[in-house]
Structures are given as structure tokens and as C-alpha cells.
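J.: For reference, the structure I am asking about is given below.
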Amino acid sequence: MDVNDFDFDLPERLIAQTPLKDRTASRLLVMDKTTGAIEHRHFRDIVDELQPGDMLVLNDTKVLPARLIGEKQDTKATIELLLLKETGNDEWETLVKPAKRVKVGTVVTFGDGKLIAECVEVLEQGGRKFKFTYSGIFYEILDELGQMPLPPYITETLDDQSRYQTVFAKERGSAAAPTAGLHFTEEILQQLKDKGVGIEFITLHVGLGTFRPVSSDKIEEHTMHSEYYQVSESAAQAINEVKAKGGNIIAVGTTSARTLETIASENDGKIVATSGWTSIFIFPSYKFSILDGLITNFHLPKSTLVMLVSALSTRENILAAYREAVENEYRFFSFGDAMYIRPHRSN
């Protein structure tokens, strides 16, 4: 398939730059995954959409304030680091701006010396590995000095950094938020539980590769980035029980979807307690092993994410829904509105 098959016209004014004050105030486009039929609702109506016996699976990853602004120790030039992956012994793989100023041995200081980083390896595409030295607890210092690594299409400053975290964020390690989960509140989750909808949490640490464009014209030739995931024994058991009883498994976000499908596709449609790295690439022709529905935000044209949602329904249904979302001025991307690709109902 060609990348351009997943293109659509998106006015820049529809890219949400700031979150709404009320997490549940977003709009919700509901689409039947089989027929493509569309309803326009509000996110708080998700309680009415989900049915007793369904299972909602959410990603409890926590975004690191991974953007650090410092200065070179020798020249005082400004250097920006984005922490990507901890490799042990206080060493991190990072992206650096401007990368050309940073060579092995370069020392960068942050917060008047509270945090010091020395470049120990040059990586590809502007990447560098740094070894950090500090006094105290690294993550406490990072909370003090770091900023949220907002996606490149968001140009406004985020006043409240907690709005780029889900209310259930727990396992730190993401470079980006699982944004479909941003719409949920503790109240909505409790209402779903009271209705008889199961709630389970899994973890996938979102990497910056989620924002990278498809690297070739033919999507089959694209290589996905790798991301770490983990699923507990209790979550695996609960998800399998719901599936065995005929309930629908609804993923919140493409990260939860990719985690579930990675595991189920390797275990005859079952979820098992495990951890590892996934680079699964889901696009039309993919046969889902466990997922029945998906709650997600609206994605970038020609992105791997719009390909994933197309695989759950059809490319034609998704592009038609996106055209309608544009016509009705839905808000797109991380701080935007939501879409529920609903399992088909015959009645």
C-alpha cells in the first residue's frame, strides 16, 4: 500500500494547542467499525457507549519531564537534551540540539550544576549518550529542572504540566503521553466500574518514534520504532476472562492496542503476563487477535497511527470519518477530541 492512500486535508487551525479545562468536555465521534456509521457525542457519553461485561484497557505509563535546557560548561552555549532511554549506570540515550556542538567529552550543566551530563557516545540522527552526575535522587531533580516533551506540532507553552499526564499515570518512562487516556477522570472510571465495565492497566512507554513519519512510499517497507511494554498476571487473567465470556476488549489508545496485539498475536489470541520490546506495525490487512474496539484521538495524515485505526475498520471508513471530523471542526492530535471505533451492534 502507498503512504499517500492515508492522506487527508487537515487545516492547521484544527490542531489543538492547549487542553480543555475539563478533561471530559472533548467531543467524541463514535463510528461503527463494520458499517462506518457515525454519531457525534461528547466524551462523557463514553459511559453510555460501553456495555456491562466489556473490558477497558488503559496504558498507565507516566511521562518524564524529559526536556532539559542547559549550557556547555566551557562556552556557556545553550544546549537542549531530550531524554529517550535509560541504559543503566546513570547513562541515557538522548536527542540533542544543536547536535553539532556536542562531541564525546562535552560537559553540559543544568540548574546551576545540580545536574551535570558528559557525552560518552555519539549516536545516529543527532543522538548522544550522556552520563549524569548529581547529588540526591535523579527523578526528583528531573521533576524540578525538566519540562514536558510536547509533540512538535504543539507550539504553545503548557501552563499545567499535569495536563500532559493521565490521571492514572503510574509507571514512569514515556517520552510522550498516551493521549487517548487524557480524556478520562477518576469519576468517569468509577462510573464505568459501577456499570459493570472492567478496567485494567497495562504499560507501554511511548517513544518519540511515534511522531516520526513513515520512512518509505510503500508502507510495507517501513520499520517501526521499538517500545518497552509490561503486563501483569492479574491484568492478563482479567482480560482473558472477559474475552472468554464474549465481552468486548476496548483499548484506550494505540499504545494499549499495540501492546495487546503484540502479546495476543504470539500466544494464540491470549494475553499472558510478560514484558519486552515491541515494534509491531499494524496497517490494513492485519488480522486482530484480541482487540474489538478502540478509543483514540485523531491522528496525523499519512501516519502509522492512522494506518492502525484503518486496520481495525477500513481505510475508506476511517478517511470518511476524518473528513466528517474536519467538516465539523473537531480538534486534532494530543490535546484534541476523541474517536470511539465501536464493535458492530446488530440491533
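J.: Using Cα pairs closer than 8 Å and at least 6 residues apart in sequence, work out the relative contact order for the range 192-265, in percent.
T.: Numbers: 46 pairs, mean separation 24.7, N = 74.
Over the range 192-265, the number comes to 33 percent.
J.: How big is the gap, in Å, between the Cα center of the range 125-142 and the Cα center of the range 235-302?
T.: About 33 Å separates the Cα centre of the range 125-142 from the one of the range 235-302.
J.: With a 1.4 Å probe and all protein chains in place, put L56, L123 in order of accessible area, largest first.
T.: Details: L56 0, L123 50 Å².
If we order L56, L123 from most to least accessible, we get L123, L56.
J.: May I ask you to derive the relative contact order of the chain, considering only C-alpha pairs under 8 Å and at least 6 residues apart, and to give it as an integer percent? If you can, show how the numbers build up before the last one.
T.: Values: 738 pairs, mean separation 89.9, N = 347.
The normalised contact order for the chain reaches 26 percent.
J.: Charges on Cβ only, +1 for Lys and Arg, -1 for Asp and Glu, centred on the Cα centroid of the chain; of I116, I271, F332, which one is farthest towards the dipole's positive end?
T.: Farthest along the dipole direction, towards plus: I116.
J.: Dimensions of the range 178-235 along principal axes (Cα, Å, largest first)?
T.: Per principal axis, max minus min of the Cα coordinates gives 47, 26, 19 Å.
J.: Give the relative contact order (percent, whole number) for the range 122-234; include only Cα pairs under 8 Å separated by 6+ residues. Display every interim value, and only then the final one.
T.: Values: 74 pairs, mean separation 21.6, N = 113.
Relative CO of the range 122-234 lands at 19 percent.
J.: Could you compute how much accessible surface K33 exposes when probed at 1.4 Å, giving the result in Å² to the nearest 10?
T.: The accessible area of K33 comes to roughly 50 Å².
J.: Let me ask you something else. Relative to the longest principal axis of the chain, what angle (0 to 90°, nearest 10) does the C-alpha long axis of helix 233-244 take?
T.: 20 degrees
J.: Ordering R101, R163 from largest to smallest accessible area (1.4 angstrom probe), what's the sequence? Numbers along the way, then the final one.
T.: Details: R101 110, R163 35 Å².
Reading off the accessible areas and sorting them downward yields R101, R163.
J.: On to the next question. Tell me, rounded to the nearest percent, the portion of alpha carbon pairs in the range 76-168 spaced more than 20 Å apart.
T.: Numbers: 1710 of 4278 pairs.
Across the range 76-168, Cα pairs with separations above 20 Å total 40 percent.
J.: In the chain, what percent of the accessible surface is made up of carbon and sulfur (1.4 Å probe, ligands and nucleic acids excluded)? Please list the in-between numbers first.
T.: On the way: 6940 of 15540 Å².
Percent of accessible area from carbon and sulfur atoms in the chain: 45.
J.: Considering only Y164, Y134, Y229, give the residue with the highest GNM mean-square fluctuation for the chain, with springs between Cα atoms whenever their separation is below 10 Å.
T.: Y134
J.: Same structure again: Which aspartates and glutamates have a Cα lying under 20 Å from the Cα of K287, excluding residues fewer than 8 positions away in the same chain?
T.: Leaving aside aspartates and glutamates fewer than 8 places away in the same chain, those within reach of K287 are D2, D5, D32, E220, E221, E261, E266, D268, E316.
J.: A further question follows. The chain: Rg/Rh from Cα coordinates, Kirkwood Rh? Mind dumping the intermediate values first?
T.: Details: Rg = 20.7 Å, Rh = 21.1 Å.
Expressed as Rg/Rh, it is 0.98.
J.: When the Cα centres of the range 100-124 and the range 321-339 are compared, how far apart do they sit, in Å?
T.: A separation of 41 Å, based on Cα centres.
J.: Name the residue, out of A236, A264, A99, whose mean-square fluctuation peaks in a Gaussian network model built on the chain with Cα pairs under 10 Å.
T.: Among A236, A264, A99, the largest mean-square fluctuation in the Gaussian network model of the chain belongs to A99.
J.: Taking a 1.4 Å probe, which of L158, L291 shows the most accessible area, and what order do the others take after it?
T.: Ranked from most to least accessible, the order is L158, L291.
J.: Let me ask something additional. Rounded to the nearest 5, what % of DSSP beta bridges with both residues in the range 213-347 are antiparallel? Walk me through the numbers before you get to the answer.
T.: Details: 9 of 12 bridges.
So the antiparallel bridges in the range 213-347 amount to around 75 percent.
J.: Less than 24 Å apart at the alpha-carbon level, and either on another chain or at least 8 residues along: which lysines does that give for K85?
T.: K62, K72, K97, K100, K103, K114, K129, K131, K170
J.: Just to confirm a number: summing +1 for Lys and Arg and -1 for Asp and Glu over residues other than T78 whose beta-carbon lies under 14 angstrom from that of T78, what do you get? List each step's numbers first, then the result.
T.: Numbers: positive: R67, K72, K76, K97, K100, R101; negative: E71, D74, E80.
Every neighbour counted, the sum reads +3.
J.: Taking θ as phi - 60°, what are the ³J(HN,Hα) couplings along the range 115-130 by the Karplus curve (6.51, -1.76, 1.60), each to the nearest whole Hz, with x for Gly and Pro?
T.: For the range 115-130, the Karplus-derived couplings read 9, 10, 10, 10, 5, 10, 7, 9, 10, 6, 6, x, x, 9, 9, 10 Hz, x marking Gly and Pro.
J.: On a 0 to 90° scale, report how tilted helix 254-265 is relative to the longest principal axis of the chain, with both axes built from alpha carbons and the result rounded to the nearest 10.
T.: For 254-265 against the chain, the angle is about 70 degrees.
J.: So if I take the alpha carbon set of the range 139-236, get Rg, then get Rh from the Kirkwood formula, what is the Rg over Rh ratio? Intermediate values should be presented prior to the final figure.
T.: Details: Rg = 16.5 Å, Rh = 16.2 Å.
A ratio of 1.02.
J.: Shape verdict for the range 6-97, please, from the Cα gyration tensor: rounded (a/c under 1.5), prolate (a/b greater than b/c) or oblate.
T.: Details: a/c = 2.87, a/b = 2.07, b/c = 1.39.
Prolate, because a/c is 1.5 or more and a/b exceeds b/c.
J.: Can you pull the accessible area of R331 for me, 1.4 Å probe, Å² to the nearest 10?
T.: 60 Å²
J.: Under 1.5 on a/c is rounded, so check that first for the range 121-170, then, if it is not, pick prolate when a/b is larger than b/c and oblate when it is not; a ≥ b ≥ c are the square roots of the alpha carbon gyration tensor eigenvalues. Spell out each step's value before the answer.
T.: Details: a/c = 2.27, a/b = 1.24, b/c = 1.83.
The shape class here is oblate.
J.: What accessible area per residue comes out for the range 159-268, rounded to a whole number of Å², with a 1.4 Å probe? Can you show the working numbers first?
T.: Details: 4740 Å² over 110 residues.
Spelled out: the 1.4 Å probe surface of the range 159-268, per residue, equals 43 Å².
J.: How much of the DSSP bridge set in the chain is antiparallel, in percent, rounded to the nearest 5? Show your work: numbers first, answer last.
T.: On the way: 48 of 68 bridges.
Close to 70 percent.
J.: Go ahead and set up a Gaussian network model of the chain, Cα springs under 10 Å, then flag whichever of I137, I250, I263 fluctuates most.
T.: Answer for the Gaussian network model of the chain: I137.
J.: For E233, what accessible area in Å² do you get when you roll a 1.4 Å probe over the heavy atoms of the protein chains, rounding to the nearest 10?
T.: Solvent-accessible area, nearest 10 Å²: 120 Å².
J.: Rolling a 1.4 angstrom probe over the protein heavy atoms, how many square angstrom per residue are accessible across the range 34-117? Please list the in-between numbers first.
T.: On the way: 3940 Å² over 84 residues.
In whole numbers, the range 34-117 has 47 Å² accessible per residue.
J.: Under the classification rounded if a/c is under 1.5, otherwise prolate if a/b is larger than b/c and oblate if not, where does the range 149-301 fall, given a ≥ b ≥ c as square roots of the Cα gyration tensor eigenvalues? Before the final figure, lay out each step's value.
T.: Details: a/c = 1.78, a/b = 1.11, b/c = 1.60.
Cα axes put the range 149-301 in the oblate bin.
The values are calculated or read from the model by the stated rules, or taken from the named source; none is laboratory data. All values reported here derive from a predicted model rather than from experimental measurement. Here Cβ is always computed from backbone atoms with ideal geometry, including for glycine, and neighbour counts include all displayed protein chains. These area figures cover heavy atoms from the full protein model, side chains too; ligands, DNA and RNA do not enter into them. Shrake-Rupley method; radii C 1.70, N 1.55, O 1.52, S 1.80 Å.
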